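Colleague: The structure that follows is given in the form of C-alpha coordinates.
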Amino acid sequence: DAEGRYRLDGLTLGDLQVFVQAKGYPPLQRNVKPSQAGDFTVDLALTSGIAVSGRVVRGDRTPVAGARVFGLVGGGGFGMGGIPSATTDENGRFALPGLSTEGGFGEVHVEGGDGGARPARRAQATLISRADGLVQRGPVAVELVPGEDPRGIEIVCDPAARVTGRVV
(Lines give C-alpha, C1' and ligand atoms only; values in the text may rest on other atoms or scores of the structure.)
Protein backbone atom coordinates (compact mmCIF):
# COMPACT_ATOMS: atom_id res chain seq x y z
CA ASP A 1 0.00 0.00 0.00
CA ALA A 2 1.04 3.70 0.11
CA GLU A 3 2.88 3.11 3.39
CA GLY A 4 4.84 0.14 2.07
CA ARG A 5 2.90 -2.54 3.94
CA TYR A 6 2.38 -5.90 2.28
CA ARG A 7 0.82 -9.24 3.16
CA LEU A 8 1.31 -12.67 1.60
CA ASP A 9 -1.20 -15.33 2.61
CA GLY A 10 -1.32 -19.11 2.19
CA LEU A 11 2.43 -19.73 2.15
CA THR A 12 4.06 -23.05 2.97
CA LEU A 13 6.49 -23.47 5.87
CA GLY A 14 10.17 -23.76 5.06
CA ASP A 15 12.46 -21.93 2.65
CA LEU A 16 10.81 -19.04 0.77
CA GLN A 17 12.11 -16.20 -1.37
CA VAL A 18 10.50 -12.76 -1.13
CA PHE A 19 11.01 -10.51 -4.19
CA VAL A 20 10.31 -6.78 -4.30
CA GLN A 21 10.62 -4.31 -7.17
CA ALA A 22 9.57 -0.68 -7.44
CA LYS A 23 10.20 1.78 -10.27
CA GLY A 24 13.55 3.53 -9.95
CA TYR A 25 14.95 0.99 -7.46
CA PRO A 26 16.95 -2.18 -8.01
CA PRO A 27 15.02 -5.36 -7.24
CA LEU A 28 15.45 -6.91 -3.82
CA GLN A 29 15.33 -10.57 -2.87
CA ARG A 30 15.35 -11.99 0.65
CA ASN A 31 15.33 -15.61 1.75
CA VAL A 32 13.01 -16.30 4.70
CA LYS A 33 12.23 -19.50 6.57
CA PRO A 34 9.02 -19.50 8.59
CA SER A 35 9.19 -22.50 10.93
CA GLN A 36 5.65 -22.42 12.29
CA ALA A 37 2.20 -21.31 11.18
CA GLY A 38 1.06 -17.78 11.94
CA ASP A 39 2.37 -14.30 11.28
CA PHE A 40 6.00 -13.89 10.23
CA THR A 41 7.33 -10.34 9.75
CA VAL A 42 9.92 -9.48 7.12
CA ASP A 43 10.74 -5.78 6.61
CA LEU A 44 12.49 -4.94 3.35
CA ALA A 45 14.55 -1.79 2.73
CA LEU A 46 14.91 -0.63 -0.88
CA THR A 47 18.02 1.33 -1.84
CA SER A 48 18.27 3.81 -4.70
CA GLY A 49 20.86 1.79 -6.59
CA ILE A 50 23.22 3.19 -9.19
CA ALA A 51 22.09 5.64 -11.88
CA VAL A 52 23.84 5.66 -15.25
CA SER A 53 23.32 8.62 -17.58
CA GLY A 54 24.56 9.83 -20.92
CA ARG A 55 23.55 10.38 -24.56
CA VAL A 56 22.73 8.36 -27.63
CA VAL A 57 24.13 10.01 -30.77
CA ARG A 58 24.65 9.29 -34.45
CA GLY A 59 28.15 8.98 -35.89
CA ASP A 60 28.11 12.73 -36.67
CA ARG A 61 27.25 13.38 -32.97
CA THR A 62 23.68 14.55 -33.61
CA PRO A 63 21.31 13.34 -30.87
CA VAL A 64 18.99 10.36 -31.25
CA ALA A 65 15.62 11.15 -29.67
CA GLY A 66 13.28 8.36 -28.62
CA ALA A 67 15.92 5.61 -28.47
CA ARG A 68 15.49 2.91 -25.81
CA VAL A 69 18.52 2.23 -23.63
CA PHE A 70 18.72 -1.05 -21.72
CA GLY A 71 21.05 -1.88 -18.82
CA LEU A 72 22.15 -5.53 -18.81
CA VAL A 73 23.97 -6.24 -15.57
CA GLY A 74 26.24 -9.20 -14.85
CA GLY A 75 24.89 -12.41 -16.32
CA GLY A 76 22.29 -10.82 -18.58
CA GLY A 77 20.09 -8.36 -16.74
CA PHE A 78 16.92 -10.44 -16.56
CA GLY A 79 15.39 -10.64 -13.16
CA MET A 80 12.34 -9.60 -11.27
CA GLY A 81 10.49 -7.15 -13.48
CA GLY A 82 12.73 -7.48 -16.53
CA ILE A 83 15.54 -5.32 -17.82
CA PRO A 84 16.01 -1.72 -16.58
CA SER A 85 15.45 0.71 -19.44
CA ALA A 86 15.02 4.39 -20.30
CA THR A 87 14.02 6.45 -23.36
CA THR A 88 16.20 9.29 -24.66
CA ASP A 89 14.84 12.85 -24.74
CA GLU A 90 15.02 15.26 -27.71
CA ASN A 91 18.73 15.85 -26.98
CA GLY A 92 19.52 12.13 -26.92
CA ARG A 93 19.97 12.15 -23.14
CA PHE A 94 19.00 9.20 -20.96
CA ALA A 95 19.03 8.41 -17.24
CA LEU A 96 18.89 4.78 -16.24
CA PRO A 97 18.23 4.59 -12.49
CA GLY A 98 18.08 1.64 -10.15
CA LEU A 99 20.93 -0.58 -11.37
CA SER A 100 22.29 -2.87 -8.70
CA THR A 101 25.47 -4.72 -7.80
CA GLU A 102 23.42 -7.08 -5.64
CA GLY A 103 22.15 -10.49 -6.77
CA GLY A 104 18.78 -10.11 -8.68
CA PHE A 105 20.25 -8.80 -11.92
CA GLY A 106 22.94 -11.34 -12.63
CA GLU A 107 26.43 -12.29 -11.66
CA VAL A 108 28.33 -10.04 -9.28
CA HIS A 109 31.97 -10.27 -8.36
CA VAL A 110 33.27 -8.98 -5.04
CA GLU A 111 36.63 -7.28 -4.76
CA GLY A 112 38.27 -6.87 -1.38
CA GLY A 113 40.40 -3.96 -0.25
CA ASP A 114 43.81 -3.93 1.41
CA GLY A 115 44.41 -3.59 5.14
CA GLY A 116 41.03 -4.87 6.24
CA ALA A 117 39.05 -2.46 4.08
CA ARG A 118 35.41 -3.42 3.63
CA PRO A 119 34.91 -5.28 0.33
CA ALA A 120 33.07 -3.31 -2.36
CA ARG A 121 30.43 -5.03 -4.47
CA ARG A 122 31.03 -4.30 -8.13
CA ALA A 123 29.31 -5.37 -11.29
CA GLN A 124 29.58 -4.55 -14.95
CA ALA A 125 26.63 -3.28 -16.95
CA THR A 126 26.38 -3.42 -20.72
CA LEU A 127 24.29 -0.63 -22.26
CA ILE A 128 22.37 -1.39 -25.42
CA SER A 129 20.40 1.15 -27.46
CA ARG A 130 17.59 0.51 -29.93
CA ALA A 131 16.30 3.15 -32.38
CA ASP A 132 14.46 2.85 -35.69
CA GLY A 133 16.84 2.75 -38.65
CA LEU A 134 19.98 2.81 -36.45
CA VAL A 135 22.33 0.22 -35.03
CA GLN A 136 24.70 0.67 -32.09
CA ARG A 137 28.41 0.58 -33.06
CA GLY A 138 29.27 -1.83 -30.28
CA PRO A 139 28.52 -2.72 -26.68
CA VAL A 140 29.17 -0.04 -24.08
CA ALA A 141 30.47 -1.47 -20.81
CA VAL A 142 30.11 0.50 -17.57
CA GLU A 143 31.52 -0.54 -14.21
CA LEU A 144 28.97 -0.22 -11.40
CA VAL A 145 30.37 0.73 -7.99
CA PRO A 146 28.13 1.53 -5.00
CA GLY A 147 28.09 5.27 -4.31
CA GLU A 148 29.24 6.20 -7.83
CA ASP A 149 26.78 7.17 -10.58
CA PRO A 150 28.48 6.96 -14.00
CA ARG A 151 27.65 10.04 -16.10
CA GLY A 152 28.51 11.22 -19.57
CA ILE A 153 28.31 7.79 -21.19
CA GLU A 154 28.04 8.07 -24.97
CA ILE A 155 26.39 5.43 -27.15
CA VAL A 156 27.11 5.93 -30.87
CA CYS A 157 24.73 4.60 -33.54
CA ASP A 158 25.05 4.35 -37.31
CA PRO A 159 22.48 3.77 -40.07
CA ALA A 160 21.27 0.17 -40.02
CA ALA A 161 21.04 -2.27 -42.90
CA ARG A 162 17.77 -4.05 -43.59
CA VAL A 163 17.20 -7.55 -44.94
CA THR A 164 13.89 -8.46 -46.48
CA GLY A 165 12.76 -11.60 -48.17
CA ARG A 166 10.26 -14.39 -48.13
CA VAL A 167 10.15 -17.71 -46.31
CA VAL A 168 8.57 -20.47 -48.39
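The values are calculated or read from the model by the stated rules, or taken from the named source; none is laboratory data. Computed from a predicted structure; not experimentally measured. When we count neighbours, we look across all protein chains shown, and the Cβ atoms used for this are built from the backbone with ideal geometry, even at glycine. Note: areas computed on protein heavy atoms with side chains; ligands, DNA, RNA excluded. Shrake-Rupley method; radii C 1.70, N 1.55, O 1.52, S 1.80 Å.
Colleague: Checking the structure you have, find out if any residue of segment 25-43 is of a type in the set (Val, Ile, Thr) and closer than 26 Å to Leu144 by Cα.
Modeller: Within segment 25-43 (the criterion being of a type in the set (Val, Ile, Thr) and closer than 26 Å to Leu144 by Cα), the answer is no, since none of the residues qualifies.
Colleague: Next question. Return the residues of segment 155-168 that are in contact (Cβ under 8 Å) with a residue 12 or more places away in the chain and open to solvent by less than 80 Å² (accessible area, probe 1.4 Å); say none if nothing qualifies.
Modeller: Correct list: Ile155, Val156, Cys157, Asp158, Ala160.
Colleague: While we're looking at this one, here's another question. Which numbered condition in (1) modelled with pLDDT of 75 or more; (2) of a type in the set (D, E, K, R); (3) surrounded by 12 or more Cβ atoms within 10 Å (Cβ to Cβ); (4) within 17 Å of Ile50 (Cα to Cα) is the only one that Glu102 fails?
Modeller: Going through (1) modelled with pLDDT of 75 or more; (2) of a type in the set (D, E, K, R); (3) surrounded by 12 or more Cβ atoms within 10 Å (Cβ to Cβ); (4) within 17 Å of Ile50 (Cα to Cα) one by one, Glu102 breaks only (1).
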